[in-house]
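Trainee: Quick one: this structure, given as structure tokens, is what I'll be asking you about.
All of the numbers you see were taken from the coordinates with simple rules; none came from a lab. Just so it is clear, the structure is predicted and the values come from calculations on it, not from any experiment. For neighbour counting, all protein chains shown are included, and Cβ atoms are generated from backbone atoms with ideal geometry for every residue, glycine included.
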């Protein structure tokens, strides 16, 4: 009789019925490491890029599928958000190292004074996570509360923010191309058009899937409240908070 090396249960097949580990683990070789590396990248590519495309073309359905249990084909929302935020921050870092600060993208005190803007750009995940509960609350109250829990609705909001960061990457790539071709920088405030455009598209595509009345009014309310909260946080919330924090340190 064989026993699982992970949990000690008796083995009756190629995999442990209790914990799912392979019955035959074998010694670790270079081939094992290379295979795991290959499987990691192919899994990320299959789920991550598929989810990215779905969130651009049919964000409402993709979010709803994940919430309702169709999860194997999708990148999980948290890792989706973290991957795109990491790509964006690393790309901005490369731009500054290659061309200089405020050369390709002119931040124009987008998040307030220079210190606040630098903090926001380098800690963008923190800046956006603060907004997440509010955006999810608007969707839940106005659209999904009869079908989903609040935290289920938050899944859609995480996907939304992750895709907005994807579009910020596209904006940054466009800024590099513009700078190389014309020598001019692009004002970061121009990216607001991408944010509002995608927020509108996401909200329309998401709300149409739910049996609620006055859909147009609800869509407008979600868009206004979501972008309004972001603007208030960016202009009036973050600057005094960063000033207080660094002033105390």
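Trainee: Give the order of 55, 154, 108 when sorted by the count of other beta carbons within 10 angstrom, beginning with the fewest.
Mentor: On the way: 55 27, 154 20, 108 13.
Ascending number of Cβ neighbours within 10 Å: 108, 154, 55.
Trainee: Roughly how tilted is helix 77-99, in degrees to the nearest 10 and between 0 and 90, from the longest Cα axis of the chain?
Mentor: So the inclination is approximately 50 degrees.
Trainee: Here is a follow-up. I need 134, 151, 119 ordered by Cβ neighbour count within 10 Å, fewest first. Each step should come with its number before you reach the end.
Mentor: Working: 134 17, 151 10, 119 22.
With the fewest neighbours first, 134, 151, 119 line up as 151, 134, 119.
Trainee: How high is the relative contact order of segment 76-248, given as a whole-number percent (alpha carbon pairs under 8 Å, six or more residues apart)? Can you show the working numbers first?
Mentor: On the way: 157 pairs, mean separation 59.6, N = 173.
Across segment 76-248, relative contact order equals 34 percent.
Trainee: From a point 7 Å beyond the Cα of residue 150 in the direction of its Cβ, which residues of segment 121-143 have a backbone N at a distance under 14 Å?
Mentor: 132-142
Trainee: In addition: How tilted is helix 192-207 with respect to the longest principal axis of the chain? Cα atoms for both, answer in degrees (0 to 90, nearest 10).
Mentor: 50
Trainee: Pick the calculated Rg and Dmax of the Cα atoms in Å for this structure from (i) 18.1, 58; (ii) 22.2, 73; (iii) 16.5, 47?
Mentor: Step by step, Rg and Dmax of the Cα atoms in Å for this structure corresponds to label (ii).
Trainee: Figure the gain on full extension for residue 96 and residue 76 (residue separation times 0.36 nm, minus the Cα-Cα span) and round it to one decimal in nm. It would help to have the intermediate numbers written out before the result.
Mentor: Values: separation 20, 0.36 × 20 = 7.20 nm, distance 3.05 nm.
Contour length minus the Cα-Cα distance gives 4.1 nm.
Trainee: Mind checking the full-extension length gain between residue 14 and residue 204? Use 0.36 nm per residue of separation minus the Cα-Cα distance, one decimal, nm. Present the calculation step by step, with values, prior to reporting the outcome.
Mentor: Working: separation 190, 0.36 × 190 = 68.40 nm, distance 4.74 nm.
Length difference between fully extended and current span is 63.7 nm.
Trainee: Continuing with the same structure: Give me 18, 184 ranked fewest to most by other Cβ atoms within 10 Å of their Cβ, as a rough exposure proxy. Please list the in-between numbers first.
Mentor: Details: 18 13, 184 10.
Sorted ascending by nearby Cβ count, the order is 184, 18.
Trainee: Looking at the square roots a ≥ b ≥ c of the eigenvalues of the Cα gyration tensor of segment 125-249, which shape do they give, rounded for a/c under 1.5, prolate if a/b is larger than b/c, or oblate? Before the final figure, lay out the partial values.
Mentor: On the way: a/c = 2.43, a/b = 1.39, b/c = 1.75.
Judged from the Cα gyration tensor, segment 125-249 comes out oblate (a/c at least 1.5, b/c at or above a/b).
Trainee: Would you work out if segment 69-137 is rounded, prolate or oblate? Take a ≥ b ≥ c from the square roots of the eigenvalues of the alpha-carbon gyration tensor; rounded if a/c is under 1.5, else prolate when a/b is larger than b/c, oblate otherwise.
Mentor: oblate
Trainee: Right, next: Could you state the angle between the C-alpha long axis of helix 30-44 and the longest principal axis of the C-alpha atoms of the chain, as a value from 0 to 90 degrees rounded to the nearest 10?
Mentor: For helix 30-44, the angle is close to 50 degrees.
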